[in-house]
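Some notes on the structure that comes next.
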Amino acid sequence: MTNEEQEFQACDACGVSAEMGFIIKEGDDVAEVSIFAQSKVALENEFNNYLALAKEVNANFEYQASELTEESTELTAHIKFECSAEKLIFELKSRSLAK
């Protein structure tokens, strides 16, 4: 039996190599969402899905969204959570909403 020292190596998963400290950063608690659709109604419906998902993560979130007109085809929103981990959870869960 030998006691060999092993040099620290970042984990490699799914082609991504990183340490958690680089993913979850203090103060990084705002997720940006961009939605594209053919009408204002479609944008609002899709955005409501994102808001419902944010509420699942933490009901105490805040958001700001771009103003919509009848001709709008894009909506950009910033969703602020209470901590960085909640933002990360939201971003991972929202991948299923992106089309």
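Among the residues making up the range 43-59, those that are aliphatic (A, V, I, L, M) and assigned to a helix (DSSP H, G or I) are Leu43, Leu51, Ala52, Leu53, Ala54, Val57.
Is one or more of the residues making up the range 61-79 assigned to a helix (DSSP H, G or I) and farther than 16 Å from Gly27 by Cα? No, because not a single residue in the range 61-79 is assigned to a helix (DSSP H, G or I) and farther than 16 Å from Gly27 by Cα. Scanning the range 55-99 for residues that are open to solvent by less than 50 Å² (accessible area, probe 1.4 Å) and more than 20 Å from Ala37 (Cα to Cα) returns Val57, Asn58, Phe61, Phe81, Ser84, Ala85, Glu86, Lys87, Leu88, Phe90.
The values are calculated or read from the model by the stated rules, or taken from the named source; none is laboratory data. Values in this document were obtained by computation on a predicted structure and should not be read as measured data. Side chains included, ligands, DNA and RNA excluded: accessible areas come from the protein's heavy atoms. Shrake-Rupley method; radii C 1.70, N 1.55, O 1.52, S 1.80 Å.
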